[in-house]
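S.K.: Dumping the structure here so I can ask a few things about it.
The values are calculated or read from the model by the stated rules, or taken from the named source; none is laboratory data. Bear in mind that the values here come from a model prediction, so they are computed numbers and not experimental data. Quick reminder, even Gly has a Cβ in these numbers, built from the backbone with ideal geometry, and neighbours come from all protein chains shown.
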Amino acid sequence: MSMTKLIVKNAFRHTLRVLLTIIGISVAVVAFGMLRTVVTAWNSGVAASSPNRLIVRQAVSFIFPLPYAYKEKIASIPGVSTVSWLNWFGGTYIDKDQFFARQGCDPETLLSLYPEFKLTSSEITAFKSDRSACIVGIETAKRYGLNIGDIMNMEGDIYPGSWQFTVRGIYTPRSKTDDATQMFFHWEYLNERMKQDDPTRADQVGYYVVKINDPSRSAEISQKIDQLFKNSAAETKTETEGQFQQGFVSSSGAIIGAINIMSYLIIGIILLVLCNTMIMTSRERTREYAVLKSLGFTGGHLFAFIAGEALTISFLGAGIGIALLIPIVQGFEALLPRGWFPVFIIETSTYVLAGSSAVIVGVIAAIIPLYRALTMKIVDGLRFTG
Amino acid sequence: MNIPFYYILKNFVARKLTAGITIGGIALVVFVFAAVLMMADGIRKTLATTGSEENVVITRKSSTGEITSIIDRPTADLISTLQFVQKDEKGNALMTFDGVTVINAPKKDGGISNLAVRGVSETAMNIRNKITIVKGRMFTFGSRELIVGTALVKTFDEINIGDKIKFGGDEWTIVGEMEAEKSGFESELWCDVQQLQLAFNRDAFSTLTFRKTSDADIETMKMLFAGDKRLNQYEPENERRYFEKQSEAMRMFIQILGITITVIFSVGAMIGAMITMYAAVANRTTEIGTLRALGFGRTSILIAFLIESIITALLGGIIGVGLASLLQFFSISTLNFGSFTELSFNFSMTSSVISGAMIFSLVMGLVGGFMPALKAARMSILSALR
C-alpha cells in the first residue's frame, strides 16, 4: 500500500469528524474570501488607475472647482499630451438610492484619456454632436433598462433644477476590473445652463485629467503644473490617478483595517478547528504510531503521515470553500445597495491567498501531533489506552 | 436522577487542550460578533446625539448631504419668519444659517480625508449641543478664525491651535478646540458663516437649523413646505433624525457585512464545538456505559453532554465579550459615506450587545452539542461497555 493511499485512507477513518472538519474549514475559507473581496473591491479604483493619467484638482479640496482658463496653461507644459476635464454632477436619478457616477466631460478628449470605455464609432459621433447627449456604462444601462435614444431625467442638487439627457451611447468596459456604471454628459451643457442660472459658477470645471507621454516623469510634471497656479485664487494639487484614488481608500482606512484584522482572525479560527481535529486524531492513534516507530518508520515518515493527512483535509476544505465562495459573493452583492461597489469580483489574489493559507494551516496543524508522536517513547505509546 | 455537575466539570480539566481550543474558537466568533454590533452602535450613538430634538434642519430636497444642499438668501429669510420658528426675547429668530464645506487634511497615520468646515451664525451656540471650548478660545465673528473639534485633533495633522489653513483664497487661523458632548460636531471645524460666504463670494447657505416652537410638529411643517411654491424645493427634518439618517449608509454596510461574516463564522464555531463533543463522546464510551449501568437514564446523559457543550460555549462567550469590551478604549475615525466627511466614533458596549452575544454563544453551544449528546444518549449499555 503506497504512502499516499495510506494517508488518504487514514484521513477518512472517522468519516463524520473529517467531514465536519472539512466543512468547518470551507466555511472559514468562504468568510475569508468574502472579506478579501470587499477589501479588493474598495481598492478597485486604485487598481484600475493608469500610470499615465494625472488628476489636477483644487488644492484645498476637490469639491471646489478650477477655472476653465487653466486648460491652455496645463496643455503648454512639455510632456503633457492631452488635457481633458470632468465635473461631478451628482443629482438624483429616480430616487436618492441610485448610486452611479454622473459627470460632465469633454467628449472630444474623454475617450482618448479613458480607452477602457469602448463605444462604436457611430455612438461616438452621436455623442459628440448632440449637446444634451450622454453615454452610460452597460451595467447602468442594464439596471435601468436604458436604450439608445432614451431620456434620463435628473434632479440636480449641486446644480439645482431639472435636467434631461439623451442616451446616445452605451459603453462596454475593456476588462472586468473597469467601472462599467458611469454616466458622462457634455460639460458644455452644464456650463451653458450656469451662464443663464448662476453666472458666478460659469466657466469652471471640477478637475482636470491629464494624459502624459512618459509615466516616469509624472512627479516632475505634477510639480510643474502646481507651480503654474501657486499663489493664485485656486491653487492646484496634481497627482497620479493611483494616488488620487488611494486618497479615497485611505479615508476609509479604519474600516478597511478592521476588515483586514477580521480576515486574519478567520485564518486563526481555521487553524484552531484543524488543530483540534489533528490533535484528537493523533491522540487516538498513539499506539499505531508506536507500532510504526517500532517497525522502523522514521520521523520523516511520521511527518508525512500526519502532515499529509492535515494537508489533505485542509485542501479539501479550501477547495469546497472556494467553490461556495462564488455564489455567496454574488448573494452578498445583491444585499448591498446597488452601485456601491462598481466593481465587485473575486480577484485572482484572493484565490491564491485562500489556497496558500490552506497549505500553511495544514502544516501548522500537524506540528503539535507530530511533536508528540516524535518525542513519545515507543513503550509509552504501546501502553497508551486513551 | 441527574448526573453530578462535578463530573461534567471534571471533563474540562481532563481534556484541557481540546477544550481550550474549542473555547478559543467560540470566543473569537463572539468577539467579532460583539465588535461589529459595537461599531454600528457607536456610529449611531455619535450621530444620534448630534443636534437636538427641539431643532429642525431645512435642506434642499434632492441633496444627499449638507455639502450638496443649497438654500438661497431670500428663501432663508422667508423661512426665518415662519410661525414654527421660535424667537428669542428680542424677537429674533432662533435660527442658524449654516454653510458647510469640505477641506482636505492629512491624517496622522497617513492618507488624507475630508473635513467638514461649518460656518455658523451666532445663534448656533444657543440652540445646539453644548459647545465647550476646552483649549484656546472661541473664534471671533467677523474674522477668519476657526475652532476645531477635539475628535479631529487626535486623528489629523496640521490642525492644532495656531495652525493656518488656506481656503477660499485666504488663510484661516485655528484659535480653539471644542467639545460637543461627543456628537458629530466634534469631527468638524466651525467658523463664521458670513466670513465663509465672503470668501467664496456666494450668497447662499447649505442648511438652516432652528429651534421649533413647542406646539410645532414636523409633519405639519412638511405639509406646509410641500404645498408652498416657494418652499417645495426644501424639506424640514428633526435635527437628530437628520444626522442619524446620515449615518444610515455606514451602519447598514457594517451591519450587513458584519452579520454575514458572523453567521458564516458561527457555523464554523458550531462545527468546531460539534467535533470536540463527538470526540468527547467517542472517548468516553466506557464511562457512558458505566453511568448507564449504574442507573442514570438516557435523558440524564443527554442533558449532561448538552450542559458540557453549553458551558464550553458560555465560557467562550464570556471571553469574547470580555475582549470586545477592551475595544471601548479605541475610537475609529473614518469617512462617513452619507455626509462625505470625516466622522469619529467609539465602540459602544450596551447591555443589548452583551446579552445578544451571550445568547449567540448559548445557541452555538446548544446546536453544536445537540447531536453528539444525542449519540451519547442513544448508546446501548452493552456496546458501550465492550
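S.K.: Quick check: anything in region A:289-299 aromatic (F, W, Y) and under 16 Å from A:V359 (Cβ atoms)? If you could, list the steps in order and put the result at the bottom.
M.R.: Within region A:289-299, the subset aromatic (F, W, Y) is A:289, A:297.
Still in the running and under 16 Å from A:V359 (Cβ atoms): none.
Checked against the condition, which is being aromatic (F, W, Y) and under 16 Å from A:V359 (Cβ atoms), region A:289-299 yields no hits at all.
For every residue, the table says whether it meets (1) farther than 15 Å from A:S282 by Cα; (2) buried (at least 19 other Cβ atoms within 10 Å of the Cβ).
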residue	(1), (2)
A:E309	no, yes
A:L324	yes, no
A:L336	yes, no
A:F344	yes, no
A:S356	yes, no
A:V361	yes, yes
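S.K.: Which residue pairs have Cβ atoms closer than 9 Å, lie 6 or more positions apart in sequence or on different chains, and pair a first residue in region B:263-280 that is more than 7 Å from chain A (Cβ to nearest Cβ) with a second residue that is buried (at least 24 other Cβ atoms within 10 Å of the Cβ) and not in a helix (DSSP H, G or I)?
M.R.: As it stands, the answer is none, since no pair meets every condition given.
Table: residues versus (1) among the aromatic types (F, W, Y); (2) in contact with a Gly (Cβ under 6 Å, 6 or more places away or on another chain); (3) within 11 Å of chain B (Cβ to nearest Cβ); (4) not in a helix (DSSP H, G or I).
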| position | (1), (2), (3), (4) |
| --- | --- |
| A:Y208 | yes, no, no, yes |
| A:S216 | no, no, no, no |
| A:I256 | no, no, yes, no |
| A:S263 | no, no, yes, no |
| A:I279 | no, no, yes, no |
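S.K.: I would also like to ask the following. Are any residues in region B:213-241 over 21 Å from B:A93 (Cα atoms), touching a helix residue (DSSP H, G or I) at 6+ places or on another chain (Cβ under 9 Å) and either free of Cβ contacts under 8 Å to residues at least 60 places away in the same chain or aromatic (F, W, Y) (or both), and if so, which ones?
M.R.: The one that is over 21 Å from B:A93 (Cα atoms), touching a helix residue (DSSP H, G or I) at 6+ places or on another chain (Cβ under 9 Å) and either free of Cβ contacts under 8 Å to residues at least 60 places away in the same chain or aromatic (F, W, Y) (or both): B:R241.
S.K.: Does region A:273-310 hold any residues that are in contact (Cβ under 8 Å) with a residue 40 or more places away in the chain, out of contact with any Ser or Thr (no Cβ under 8 Å at 6 or more places or on another chain) and among the polar types (S, T, N, Q), and which are they?
M.R.: Within region A:273-310, A:T281, A:S282, A:T286, A:S294 meet the criteria.
S.K.: Of the residues that sit in region B:130-161 and are at positive phi and at pLDDT 90 or above, which one is surrounded by the fewest Cβ atoms within 10 Å (Cβ to Cβ)? Spell out the reasoning first.
M.R.: Taking region B:130-161 first, the residues at positive phi are B:136, B:142, B:158.
Narrowing further to those that are at pLDDT 90 or above: B:136, B:142.
Working: B:G136: 17, B:G142: 9.
Taking the candidates together, the pick is B:G142.
S.K.: While we're here: Please list, ordered by residue number, the helices (runs of 4 or more DSSP H) wholly in region B:267-386 having 3 or more residues that are closer than 30 Å to B:F253 by Cβ.
M.R.: Values: elements: B:285-294, B:298-326, B:351-378, B:381-385.
Here the list reads B:298-326, B:351-378.
S.K.: Something else about it: For region A:1-33, which positions are facing another protein chain (nearest Cβ under 7 Å) and closer than 17 Å to A:G355 by Cα? If you could, list the steps in order and put the result at the bottom.
M.R.: Residues of region A:1-33 facing another protein chain (nearest Cβ under 7 Å): A:16-17, A:20-21, A:23-24, A:27-28, A:30-31.
The answer is A:T21, A:I23, A:G24, A:V27, A:A28, A:V30, A:A31.
S.K.: Of everything in region A:363-386, what is under 52 Å from the mean Cα position of the chain (by Cα), within 14 Å of another protein chain (Cβ to nearest Cβ) and not in a helix (DSSP H, G or I)? Give them in sequence order. Give the steps one after another, and end with the answer.
M.R.: Filtering region A:363-386 down to residues under 52 Å from the mean Cα position of the chain (by Cα) leaves A:363-376, A:381, A:386.
So of that shortlist, the ones also within 14 Å of another protein chain (Cβ to nearest Cβ) come out as A:364-365, A:367-369, A:371-372, A:386.
Passing the criteria: only A:G386.
Matching residues to (1) within 12 Å of chain B (Cβ to nearest Cβ); (2) assigned to a helix (DSSP H, G or I); (3) at pLDDT below 80; (4) within 29 Å of the chain's Cα centre (by Cα):
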| residue | (1), (2), (3), (4) |
| --- | --- |
| A:Y289 | no, yes, no, no |
| A:L292 | no, yes, no, no |
| A:A310 | no, yes, no, no |
| A:A318 | no, yes, no, yes |
| A:A334 | yes, yes, no, yes |
